[in-house]
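Undergrad: Please see the structure below; I have some questions.
The values are calculated or read from the model by the stated rules, or taken from the named source; none is laboratory data. Being a predicted model, the structure only gives us computed values, none of them experimental. Every residue, glycine among them, receives a Cβ derived from its backbone with ideal geometry; neighbour counts consider all protein chains shown. The area values use the complete protein model at the heavy-atom level, side chains included, leaving out ligands, DNA and RNA. Shrake-Rupley method; radii C 1.70, N 1.55, O 1.52, S 1.80 Å.
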Amino acid sequence: MPVGEVAARPGGGGAGGMVLGGGMGMAAAAVGGDDAVVMQLAAAEGEETIITVNCPDQAGLGCDLCRTILEFGLRITRGDVSTDGHWCFVVFWVVPRSSSIKIRWASLKNRLMSVCPSSYSIPFYADISQPGPLQFYLLKLLSPDRKGLLHDVTHILSDLELIIHRVKVSTTPDGRVVDLFFITDGMELLHKKGRQEETCSTLIATLGPSISCEVLSAEGFQQGFSSLPPKIAEELFRVELADSEICSSSLSAELKKVQTATINFDNSLSPAHTLVQIICADQKGLIYDILRTMKDCNIQILYGRFRSDKKGSVKKGCREVDLFVKQVDGKKVVDPEKQDALQSRLRSEMLHPLRVMIVSRGPDTELLVANPVELSGKGRPRVFYDATLALKALGICIFSAEIGRQAASERQWEVYRFLLDDSKEFPLANSLANRNRVVDRVRKTLMGCYN
């Protein structure tokens, strides 16, 4: 069996689309049927793969699972979550966001297993639920210059589960480009020669024999980050976006499907739980945004169901979410002030999970992308990937890129800074229209309008 594939056989599901008996009848992935994570791979392209998680529960587990699924380039089409506070059962139906994304199903399973509580930990895989100090490496790439190179490299590194933290780009007198990528390994294997050879051979096989690369240790690497100027930071991180900005944004067509997110609380259906009902425009990472908000607000989800418009009961282009929740003290969410605070936080995180703007940096043009960091310290997956994809589509070269964190509005933000090349074909310094095109394209790509 090729590396990255998971064995699957036809299996039955339970009533209402749920898989009964802890994945009974589902295909075991890579190891025995008693695994915490079981997958039934799609029978054909375009069909859903079913991921079942059956393990001890822990705070924020659903958020951690969704983050991992998002990191692998998958879209959750629907899902069911249930727990008694001690043991949980989760089913996600997923599809790749793009046919160009190579899904390493066995690797995804291992990553999901590592998220589950310690009784299902995998000794050879990183425990990303409790991250230790990151081991940085330097990937040095020498290549002929061309547009879109940075995203092409990012795509390959993403498939290899290598995470980019900083990029430095320089051009030699003969027109070649030297790219320095400071990276970490999601599999924590890059210290081994075989993993380094796999990385370089994959890059050369994909980009062509004209490139050369090597992987070096970067033990002295300091992930320093220069803070944004106060005025720019205030605009980028402000809590509430102006109505004019929302209406003029490139997402206005998608947002007009529901105008705004509908969030209702109902305490009449359950004696022990509050029902939170959400209807909003579907977008990339929506389920993750909802669950990370609940996690950061100390709201426990005892049962949840996510539905998309493909299931018929939801308005086209929208997503419907039902969550039975309680507070960390075990009580229902009854206080109107607490309901208003949670409603406001959910609406902000669902409609505006990412901030995008272009600013002048001396004579140069800089693209800024920011997203909030979870209280656990984890950032949002695939932001660098999507931003470089959008810039490649516009034919814009990236002179340098860096990733850092900055505190603002009583929270931590992850900030991506791209210094853009100003070309005759796509001038940026004095063209407001072109700057708006960049912001629109990047925002739409981040929100899943482009793959």
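Undergrad: At a threshold of 8 angstrom on Cα-Cα distance, excluding pairs fewer than six apart, so keeping six or more, what relative contact order does region 137-220 reach in percent?
TA: On the way: 120 pairs, mean separation 36.9, N = 84.
The value is 44 percent.
Undergrad: Based on the mean of other beta carbon atoms within 10 Å per residue, what is the order of 109-117, 357-365, most packed first?
TA: Values: 109-117: 21.1, 357-365: 14.7.
Answer by packing, highest mean first, reads 109-117, 357-365.
Undergrad: Using a 1.4 Å probe and counting only protein heavy atoms, arrange ARG307, ARG355 so the residue with the most accessible area comes first.
TA: Values: ARG307 50, ARG355 20 Å².
Of ARG307, ARG355, the descending order of accessible area is ARG307, ARG355.
Undergrad: Okay, next question. Quick check on region 139-226: take the gyration tensor over C-alpha atoms, sort the square-rooted eigenvalues as a ≥ b ≥ c, and tell me if it's rounded (a/c under 1.5), prolate or oblate. Kindly include the intermediate steps, with their values, before the conclusion.
TA: On the way: a/c = 1.70, a/b = 1.19, b/c = 1.43.
Oblate, because a/c is 1.5 or more while a/b does not exceed b/c.
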